[in-house]
Amino acid sequence: MTSRGKRFGAPHDGASRPTADKSERGIPEATVARLPVYLRALVTLSDRGIATCSSEELATAAGVNSAKLRKDLSYLGSYGTRGVGYDVEYLRYQIAREIGVTQDWPVVIVGIGNLGHALANYSGFSSRGFRIAALLDADPGRQGEVVGDLPILAFDRIEELVAEHGVAIGVIATPAPAAQAVCDRLVAAGITSILNFAPTVLAVPEGVDVRKVDLSIELQILAYHEQRKAGLLDRIDPGLPDTTPAMPGKTTTAKAVG
Ligand SMILES: NC(=O)c1ccc[n+]([C@@H]2O[C@H](COP(=O)([O-])OP(=O)(O)OC[C@H]3O[C@@H](n4cnc5c(N)ncnc54)[C@H](O)[C@@H]3O)[C@@H](O)[C@H]2O)c1
């Protein structure tokens, strides 16, 4: 239950509803997090004119192992056809329906600086069902500038715009010190899902979902793996033939999900 206007609860940063490991339909959260990755792989296969694919092909395209993929898809009741594999278009539809991207999701972006401009100009949102309904900024010097097809509007219009477009998702691309106040106002206006790019932990009431994108944390994780690789190489006697084992761990050239 959303409790709009209630006092804010515990900081809530990252995966939605951290206490639950299953979605309302009983699909594990880790599986839910991989569904968009499968969807993106299916869109690519479909764009290449591929009508059916095996679980191995789809798993490779999505960067997961095929047993995990089959298990994930079984939660959707999708098992493929023996000897044929999965129907790409149908599976794409099934996953899109499960995620909710067969419908149009109006989104507002708050903070149209460097990052906000990049997000506003990104065409990938609309092709995946996310329509940018409004661009908002507190700086009058930015207001009126057209980015993509939309003018930057005053953040003070947030309530009016959320109501007008039925917006449920807000993107925060303001500096960190402003993010909590922006978040509070988005929630008070009726927004129940927030994608936060500011490097700060947001406190939100129960029923509001927050996802955080932090490129520096992703880079730090890669740095950690680089350090481990370097440590392994240091331990190899340079006089011996190279018998370096394959690197353990989940991080490969593609980002591991879940
Ligand atoms: N998550 C990532 O990977 C990533 C990458 C780059 C930047 N960032 C973060 O994204 C945020 C934006 O970065 P940037 O480089 O675009 O900054 P920027 O300074 O270029 O833009 C910030 C914008 O937010 C606006 N703003 C400030 N306070 C506001 C408020 N209260 N209400 C509405 N708008 C407000 C400013 O007027 C400005 O236009 C920062 O928090 C930054 O740390 C995150």
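Here are the numbers:
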quantity: Least to most buried among T81, T174 (fewest other Cβ within 10 Å first); calculated: T81, T174
quantity: A163-E145 pseudo-label distance in nm [points 7 Å out on the Cα-to-Cβ vector]; calculated: 3.0 nm
quantity: In order through the stretch 146-158: 3J(HN,Hα) via Karplus (6.51 cos²θ - 1.76 cosθ + 1.60), integer Hz, x for Gly, Pro; calculated: 9, 10, x, 9, 10, x, 7, 10, 5, 4, 4, 8, 4
quantity: Cα centroid of the stretch 45-75 to Cα centroid of the stretch 89-113, whole Å; calculated: 20 Å
quantity: S216-S54 pseudo-label distance in nm [points 7 Å out on the Cα-to-Cβ vector]; calculated: 4.5 nm
quantity: Dipole magnitude of the stretch 89-210 about its Cα centre (Cβ charges: Lys, Arg +1; Asp, Glu -1), debye to nearest 20; calculated: 280 debye
quantity: Computed label-point distance, nm, for sites Y79 and A138 using a 7 Å Cα→Cβ extension; calculated: 5.6 nm
quantity: Rounded FRET efficiency, nearest 0.05, which uses the C-beta distance separating A33 from A178 and R0 of 30 Å; calculated: 0.60
quantity: Extension gain, D47 back to D87 (0.36 nm per residue minus Cα-Cα distance, nm); calculated: 13.0 nm
quantity: Relative contact order of the stretch 105-215, defined on C-alpha pairs under 8 angstrom at six or more residues apart (%); calculated: 24 percent
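Just so you know, all these numbers are worked out from the coordinates, no wet-lab data involved. Because the structure is a prediction, the values reported are computed rather than measured. Note that we place each Cβ from the backbone using ideal geometry, even for glycine, and neighbour counts take in every protein chain shown.
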